Amino acid sequence: MTHHDKKGAGRFEPRIVAFFCNWCTYTAADLAGVSRLKYAPNTRVIRVMCSGRVDPQFVLDAFSRGADGVLLGGCHPGDCHYAEGNYKTLRRMRLLERMLKDMGVSDGRFRLEWISGAEGEKVKTVVNDMVAKVRALGPLDLPGKFKDWDSELEGLARSVHASSKEAAHVR
Amino acid sequence: MSAKPKVGFYWCASCGGCEEAVVDLAEGVLDVVAAVDIVLWPVAMDFKRSDVEGMADKSMTVCFINGAVRTSEQEEMVRMLRKKAQFVISFGSCANSGGIPGLANQFSKETILKFVYEDCPGVDNSARTRPQTRMKDEGDRSLHLPVFRDMVRSLDQVIDVDYYLPGCPPTPKLIMGGVQALLSGKLPAKGTVLSPDVALCDECPRKDSKPTDLALTEFKRPHLAPIDPEKCILAQGFLCMGPATRSGCEALCVKGNMPCSGCFGPTSKVRDQGAKLVSCLAGSIAAKETPEIDKVLSGIPDPVGSFYRYGLPKSMLKRRIDN
Amino acid sequence: MNYLYYPGCSLKGTGRAYDESLKAVCRALGITLSEVPDWNCCGATAYMSVEETRAHALAARNLSLADAAAADKGLKRDIIAPCSACYLVLAKTLHALDEQIETRVLVERALKAGGLDMPKAGLQVRHPLDVLVNDVGLAAISAKVKSPLKGLKLAPYYGCQLVRPYAAFDDQAHPVTMDRLMAASGAECVDFPLKTRCCGGSLTGTVPDAGLRLAYIILKEAKKRGAHAVVTVCPLCQFNLDGYQDKIAAEFEEVAMPVLYFTQVLGLALGLSERELGIQRGIVPAEPALAGRR
Amino acid sequence: MKSASNGSGPKIGFYICHCGTNIAGTIDVEAVREHAAKLPGVAVSKGYKYMCSDPGQEMIAQDIRAQGLERLVVAACSPNLHEETFRKAAAKGGLNPFFFQMVNIREHASWVHEDKAAATQKAEDQVRAAIHRVRFHKALEKKRVPVHPDVMVVGGGIAGIHAALTAANAGKKVILVEREATIGGHMALFDKTFPTLDCSACILTPKMSAVKGHPNITLWAYSEVTKVEGYVGNFKVTVKRKPRYVKEDLCVGCDACIDACVFKEAKFPDEFNQGLSKRKPVYLSFPQATPKVVTIDPKTCIQLKTGKCKMTCAAACDRKAIDFGQKEESKEVPVGAIILTTGFDAFDPKRHEYYGYGRYPNVYSALEVERLVNASGPTGGDVVLRDGRRPEAIGIIHCVGSRDEHTNKWCSRVCCMYSLKLAHLLKERTGAQVYNFYIDMRTPGKTFEEFYDRLLKEGVQFVRGRVAEVNDWAMTREEEGRLVIRVEDTLAGFVRRIPVDMVVLSQGLEARKDALDVRRIFNIGCGSDGFFQERHPKLAPVSTFADGIFIAGACQGPKDIPDTVAQAGAAAAEALALVDAGHVEMEPNTSRVVEEECSGCKSCVPLCPYSAITFDEAKKKASINEILCKGCGVCAAACPSGSIRQNLFEDDEIFGEIEGVLS
């Protein structure tokens, strides 16, 4: 994915990874398409059968690989195609949200929304709203941060490397 | 020179418990000592940096390194040891994943220094003096102190690691197992954690007492409520990391009537132990509505400290991000 | 319960009885009203059509003062505006600030020049009818009714601005909130299809022929349907219907229909005195219609 | 168009569909194709105008064979539309169909974005994700599960009756469940049907008795479905049979009990006649009620309310059919397919206060008028108003609760035509002047426009304009004592006041009030309008997102009788196709426990809503029953040691997708 600044002087375009459950939110996004609603092109959708399949590892992985925001869309409480997968999602994500906060990931970068298969319009409003809010927060850019953090290791890596002819194991 | 394998032990940011663990091999240690030449063990014998510098590359058969990497000195030493050793074994939780020192990744370097040298109750430092990396005394001798890095790293975030011995500290049984594997040359695939790749419940003596549906309505903390010594600790509402923690310790803590706190790290199928704990524990609570859920979860006052107690630097986010 | 109170000019003048009766009823029901400090003209109905942005700025000053007062005193951020015109204008400005970016920017600049802040989201403009029925509740009011107005027949007249265009709490064409409140007071409301028809508005002043006719239609129909009095929520409606009956008598026929505020009727049922409620201020005397009904 | 495989791992074929201009109009398909061609493992990267067409599929199959492709990625429309198509194309080429991943660049990109560069970027990212992911795919097989041959139809209106008869005539056992005491639904209320004016009873009642007499149909009236378990082909349905306090097998509907009831006069509003007449606590809805069995209403029957009645009804029954001790029963039946035909609710005209329904007695709902003009209705078809008068002028107001921002936005499709029908009948019965107030006349059915034309010639008045209000405020002598309809006549260009004696409100159709509860029971969806959601508006109009559950008639959206019957036939055909196949293939996205990795922590066991996970006490490990698993993956997400894998959604596959989309 091109980075937000590739467009040159343009404004920051956040990258949002969206996990959509097949039966409600993915279908709603299909409906938004069939209805030709227009919304911000910043989401990248990953389809899962149920929002309950979304392992908190996926959310963290998306952030660590460069997502500026993660959106999780499931069926409304009581309407889960799998009876109550979305309640499990809710519990997990409440705890995950707290942990993200403690780790300094701002509110608004992670969002859980209930969007039923009939709510094509809601896909549009939620995506637009989230894009605007994440844009206001600015880039998260964890891959860039990881690189910055590790720059303090460069000096010794070089000098210890130079102290020997044989350095097969040194990173 | 004997043809015995040359072995080194080194420690970085750790409590010394891992060194104790080696001593705890008891009679076993004699067998080891008989079988190998110890060429580096600063905690027990007198070795200087120059001794290491003088070693030929790969002259050491194996080096056991414990502790996380926080300072430039630790970093430099492990980089050198990597060159001198044929095998590097990451020894214990701190080396493997940052361990307790890794929890410092919740704070910036400045926060830590400010607390330690200024704000900590008991510190009397009105001049706000902080250690410098280099200073000269009257005699014009210069003193070097290592650099305190911005964050804590696991060993494998600095150098290439061949095997891991998990635990805080690793148990004598696992250490012996690892040493024997090395001595016998029957080596598993590189990168292997030398402990069973299955979660702790598998070997937990209280496994049978765990009900299938926990439906927890509250989380309790071990110092605030008595723990029934027979029943599954998680089922009693105490945070037990056993389900998401690799086994091999033979449930030492549980046998001591304390919940598992996760020092063995995750199994090989899990990339982020804390995230998995979130997923699994949240599934075990009964509440359905947001306020109820939050109430139950409020029984876990410090999710990061609880779920990443031994592994924050190796988590997907690595450290607190201030964005 | 405490609310901000924006009386507007009418309640300090022709509609004084509305001000007196509303305050008396609120006291009786345990509602505290805090008048917005240093409030100014709402802009009334005319200004908005002459200079829209300035009219919004004028109204926004009141909203800003109200919001500041609420923050200052820790009050609920609901402004009670009893006059239908004030109610509508303030609500319209709130909508405009929310929906029209250009207006928002200009009004913000105007307020800033006056050292004021923009009102924050969540500030609401409420009509006392809405507050009484939906916040206090009919059950609570019924419980406090001391002298139900048995046998009093009323023509419920809402006028135009209360429910149009926003219809925040009642139907646009056929509102019923006041009917229900009057029923709680023990009075009976006649079926009154003209409840949102024009009272004549400012035409009574500018084109009296047309204005008086409109007022007459309402009064005549109320009488025909057996009402003892018309009950209203708006000071302009009250003034038009009550104040021109001599002219209507000269032009059309004698109607002699008292026109009360709903707060006066409710106050009577709550056991308050006619004096407290300003009943004597009506031009067509209401006392005969009320006699023996309490 | 071919590019050499540039990387290790399986050989991947990538195809991008232009979908005419649907995709290619917004997305630079050539750029995406080139981008994909450069990704590791991609051996073939091609574009085509319509990938789903035969030549498109054939191209894929040939490439798989000729190039030895091991994975397939197609960027096109939604997988909900064509995933199966391309899986089949893969299979045709000899590739396991699950070595395939679909990328949705139409519904999720070209149709929703205007910025071409951004849409193209999005398409490239999503394509990269799929290419990353597909490498981890595993060969899978669909499981075959036998299908129960019986069919259940829920709702006994004309749709349910037709669907049940169609399936039963094909030799299937059918269970027809109806909530009310009798089948017949709304159609049983009508006198005539538009535009042919044939008598509703004459065409409906033979079908009702055919249901009763059909050897393959079990009719459970006065019953409701309370629970549905299982899955396509193997549902287990729980039906609550409400007590009628009458033994259905003994009662012959002779009315003796009704005559003997201690209430000498009928006293309670008759629901069937829309409250225009009265009934007794023991009643038969209408003479042709099916089953022809009386029902005792527990809310009004003295014996059932107080236990202190002489029970003259029971004494009068020579067949001893009355049983006050009857209890609610719960039945569980296995079926292979379910057809929902639960119908609609008429809009409650009270919600439009300004039309005065409920305040002015002479304002009627259209359903009331259906009964009023009905020869078997409360007045025997004589149009007498509530105040005893006969109307000289009648106003019919269209679109009450339809095409209205404040209530229902949709057109209810049938109101124009039934209003014309009622106009005709009212004029015929009363000779009154009849006005129709309409927004637009919508008569797009077979011979509908001709019927409209006929009405125009019959002298019915048509006023184009939405009626503002109905009230009794008279401005002139002519208006005194009458109802006045105030309307802007948009053709004449002025506001009119039209005095009438009777107002008919043509109520729109809306979803049943309990449609949300019902859809939860059956695990299907509702649209934003509340009607049941079809799987695809054009290509799967009677299917739902729950396999094996079909919908027909007005529960899916407003429609007239011909369309309802056609849909009911279609739903029956779909159900027959399913049960006749004898088996279904299950999507293989089930989860499984890797036994040697499982620690037996039991975290997953309570999470499964289908009880597919059990704890094997001998092995001390969890295990998943593949047949019961529906593939949500909640257990895989929860397994704290990563020992549960969900087919098609394995951790590696999803992590691969995340990595791909962000790399």
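Here are the numbers for this structure:
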read-out	value
Filter result for residue D:196 (among the polar types (S, T, N, Q), outside any strand (DSSP E or B) and surrounded by fewer than 21 Cβ atoms within 10 Å (Cβ to Cβ))	yes
Candidates C:284, C:231, C:265 - the one that is assigned to a helix (DSSP H, G or I) and in contact (Cβ under 8 Å) with a residue 12 or more places away in the chain	C:265
Sole exception among (1) more than 26 Å from residue D:220 (Cα to Cα); (2) loosely packed, with under 15 Cβ neighbours inside 10 Å for residue D:269, by number	(1)
Subset of the stretch D:373-422 [over 26 Å from residue C:171 (Cβ atoms), in contact with an Asp or Glu (Cβ under 8 Å, 6 or more places away or on another chain) and of a type in the set (Val, Ile, Thr)]	D:373, D:414
Options D:547, D:560, D:489: the member that is at pLDDT below 95 and not β-branched (Val, Ile, Thr)	D:547
Any chance residue C:10 is buried (at least 18 other Cβ atoms within 10 Å of the Cβ), in a helix (DSSP H, G or I), among the hydroxyl-bearing types (Ser, Thr, Tyr) and out of contact with any strand residue (DSSP E or B) (no Cβ under 8 Å at 6 or more places or on another chain)	yes
Residue ID - nearest to residue C:242 (Cα to Cα), chosen from residues in the stretch C:163-207 that are away from chain D (no Cβ under 12 Å) and in contact with a Cys (Cβ under 7 Å, 6 or more places away or on another chain)	C:199
Some residue of the stretch A:43-61 being at the interface with another protein chain (Cβ under 7 Å from one of its Cβ atoms), in contact (Cβ under 8 Å) with a residue 60 or more places away in the chain and buried (at least 24 other Cβ atoms within 10 Å of the Cβ)	no
Residue check, residue A:15 touching a His at 6+ places or on another chain (Cβ under 9 Å) and within 21 Å of residue B:322 (Cα to Cα)	yes
Residue satisfying all of: in the stretch D:527-549; touching a Phe, Trp or Tyr at 6+ places or on another chain (Cβ under 8 Å) and among the polar types (S, T, N, Q); surrounded by the most Cβ atoms within 10 Å (Cβ to Cβ) among these	D:533
Segments classed as strands (runs of 3 or more DSSP E), wholly inside the stretch D:1-120, with at least 2 members that are farther than 27 Å from residue D:589 by Cα and at pLDDT 95 or above	D:42-48
Search result, residues across the stretch D:438-487 that are more than 14 Å from every other protein chain (Cβ to nearest Cβ), within 30 Å of residue C:220 (Cα to Cα) and not in a loop (DSSP other than H, G, I, E, B)	D:478
Tally, over the stretch D:613-663, of residues that are touching a residue at least 40 places away in the same chain (Cβ under 8 Å), polar (S, T, N, Q) and part of a loop (DSSP other than H, G, I, E, B)	4
Every residue from the stretch B:216-264 that is in a strand (DSSP E or B) and within 29 Å of residue B:91 (Cα to Cα)	B:238, B:246
Residue identified as among the aromatic types (Phe, Trp, Tyr) and free of Cβ contacts under 8 Å to residues at least 40 places away in the same chain among D:550, D:522, D:532, D:545	D:545
Qualifying residue in the stretch B:83-98 (condition: under 26 Å from residue B:143 (Cβ atoms) and either surrounded by 17 or more Cβ atoms within 10 Å (Cβ to Cβ) or touching a Ser or Thr at 6+ places or on another chain (Cβ under 7 Å) (or both))	no
Number of the condition not met by residue C:181 [criteria: (1) surrounded by fewer than 21 Cβ atoms within 10 Å (Cβ to Cβ); (2) at pLDDT 95 or above]	(1)
Among residues of the stretch B:184-201, those that are at negative phi and in contact with a strand residue (DSSP E or B) (Cβ under 9 Å, 6 or more places away or on another chain), counted	12
Any hit, the stretch D:595-606, residues being more than 9 Å from chain B (Cβ to nearest Cβ) and surrounded by 24 or more Cβ atoms within 10 Å (Cβ to Cβ)	no
Residue selected from the stretch B:131-154 under the condition more than 14 Å from every other protein chain (Cβ to nearest Cβ) and among the hydrophobic types (A, V, I, L, M, F, W, C), by the criterion surrounded by the most Cβ atoms within 10 Å (Cβ to Cβ)	B:145
Residue within the stretch A:71-84 that is in a helix (DSSP H, G or I), more than 7 Å from every other protein chain (Cβ to nearest Cβ), over 13 Å from the mean Cα position of the chain (by Cα) and under 18 Å from residue A:130 (Cα atoms) present	no
The lone exception for residue A:140 - which of (1) under 15 Å from the mean Cα position of the chain (by Cα); (2) surrounded by 15 or more Cβ atoms within 10 Å (Cβ to Cβ); (3) more than 9 Å from every other protein chain (Cβ to nearest Cβ) it fails	(3)
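The values are calculated or read from the model by the stated rules, or taken from the named source; none is laboratory data. Just so it is clear, the model here is predicted, and its values are computed rather than measured. Because the Cβ atoms are built from the backbone with ideal geometry, glycine has one as well, and the counts that use them run over all protein chains shown.
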